[in-house]
Each structure stands twice: as C-alpha cells, then as structure tokens.
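Scroll down for the structure; my scribbles are underneath it.
Here, each number is a calculation from the coordinates, and none is a lab measurement. In this text the structure is predicted, and so the values were computed from the model without any measurement. We place every Cβ from the backbone using ideal geometry, glycine too, and count neighbours over all the protein chains shown.
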C-alpha cells in the first residue's frame, strides 16, 4: 500500500469511528510506531486531523455542537473519558461545599457519581441534572429557574439574577471548546453572561474539558482560559496543548484511563 493510500484509509477510519490510535495504525497497516506517528503528524500539518497523546481525533468545525434537542443525558453510555473526568471532579467536592454543576454531559455524569450521603448543596441550571441530584439523600438541590430551552436548561436574566445572589465554593463548568488564545467558547452568545456570572460567584472555577474539546475554538468566546483555576482533562490530551494553559497559571489535572 502506498503512503497516500494509507493516509486516506486512516482518514476514512477516523471519519467512521471518531478516533484512531497509534496502535490501530500499527496493527491495521503493519507499520512501526515511528511510521504511525509520522503519518499522523503529516495529516495534522495538512489540516486533516488533530493529534492526541495516543492517536488522533477529527478536526472540529467552528460551529460544531450537539443537535438542538440532544440533552446532557443522551450520550451517557458512550464517553469513558467524560466519566473519568466527572469522577475526579466529584472527588474535589468537600462536605458542606456549595457547588455549581454544569448543564452538560460531564455535569450529568458528576450528578450520577456524587455519593448519596455526601452533604453538599448543588446548584444547576439543568432540570435533568437537578432530577438526578434529587435522588441523593445528602444533596440539597438549588435549581436555577427562568425560560427553559429545548435541552432543559435555563440561561436567561432570571437565572443570571439568581446566580448573582449566590456564592459557590466551586463551580464545575465546560464549554463547546477551549483554547489558550480564544479561551472558553460556545456556539450561541445568549449564555455568555450566564457563565461569566457563575465564575464571578465562585471561589474556584474548575473546567471539565475532555481531549476532543481542547485546542479548538467555537463561534464566540465566553472568557479567557485564565479565568479557570483548574482544568481537568483526560489521558489523551497533548502535553504541548496543556503547556499553554499551564503558562497562564491554570492548574492542570490529568485523569488516567481506568
């Protein structure tokens, strides 16, 4: 097989699966570790993929995001790295903390993983996450109200006003993407004021960002990455990407693959 054919086959597999590892390339095409890494470097230089620590993921378009009616619960069985990040985030919650939990898939996993006997107050703007938290005997839930979107979340002026009246020990947040230059970014501008209000009301801002969100940029910036105190990511994140956040004074926490 010519190298060009192998490269096209790698891109085809990436499009079908959503990721490819260096080990996959070695096994499928009977090439060495160095050759597999070189293939990915070449394809990345051509703007055809983004390398990760163990392989590669597809490039994200600026406007990439979940479909309108897909909720934080709909990917609950598919994302091992999200679960690992959520578990690490939960381990950072102390008894009697007041915490804000993001209205995203990783936030749903957090709600699911919080021990039922952990005495905390949890605040969320997601009715789905609130319902999950409601099952926990030790968790007191504050649901931010307002006009609800199709995914069961509230971001409007009513929700913002309530956030400004609260103080959090920690907020656990995410976004569509994060980069050292463009910061946290999302598809729609309506939620910018909400997320900034959450950070303003928090003693610690903790970002939950799987590899597939790191180094990418969505349409509109929420805030600089440096507004985060801590960034939790997974085992596939590239050191060169994380070094840029480290230079901004952000604590980097990398979870291991279970």
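Placing pseudo-labels 7 Å out from each Cα toward the beta carbon at residue 169 and residue 147 gives an inter-label distance of 3.6 nm.
Going by a ≥ b ≥ c, the root eigenvalues of the Cα gyration tensor, does the range 3-57 fall in the rounded group (a/c under 1.5), the prolate group (a/b larger than b/c) or the oblate group? It is rounded, given that a/c, with a ≥ b ≥ c, falls under 1.5. Note on residue 189 and residue 157: the model spin-label points, each 7 Å out from Cα along the C-beta direction, lie 1.7 nm apart. Normalised by the number of residues in the chain, the average gap of Cα pairs under 8 Å and 6 or more apart makes the relative contact order 16 percent. Sorted fewest first by neighbouring Cβ atoms within 10 angstrom, 44, 132 come out as 44, 132.
Quick check: from the Cα gyration tensor, does the range 80-254 come out rounded (a/c under 1.5), prolate or oblate?
It comes out oblate by the Cα gyration axes.
Based on C-alpha pairs under 8 angstrom that are at least 6 apart in sequence, the range 100-237 has a relative contact order of 21 percent. Shown for 70, 31, 163: other C-beta atoms within 10 Å of each C-beta, ranked fewest to most, produce the order 70, 31, 163. Sorting 2, 100, 216, 29 from the fewest to the most surrounding beta carbons within 10 angstrom yields 2, 29, 216, 100.
Measuring nothing but how far apart in sequence close Cα pairs (under 8 Å, 6+ apart) lie, relative to its length, the range 3-57 scores a relative contact order of 37 percent.
Helix-derived [θ] at 222 nm for the chain: sum -39500 (n - 2.57) over DSSP H runs of at least 4, divide by residue count, nearest 500? For the chain, the value works out to -10000 deg cm²/dmol. For the range 73-136 and the range 148-191, what is the centre-to-centre distance using only Cα atoms, to the nearest Å? Comparing the Cα centres of the range 73-136 and the range 148-191, I get a distance of 16 Å.
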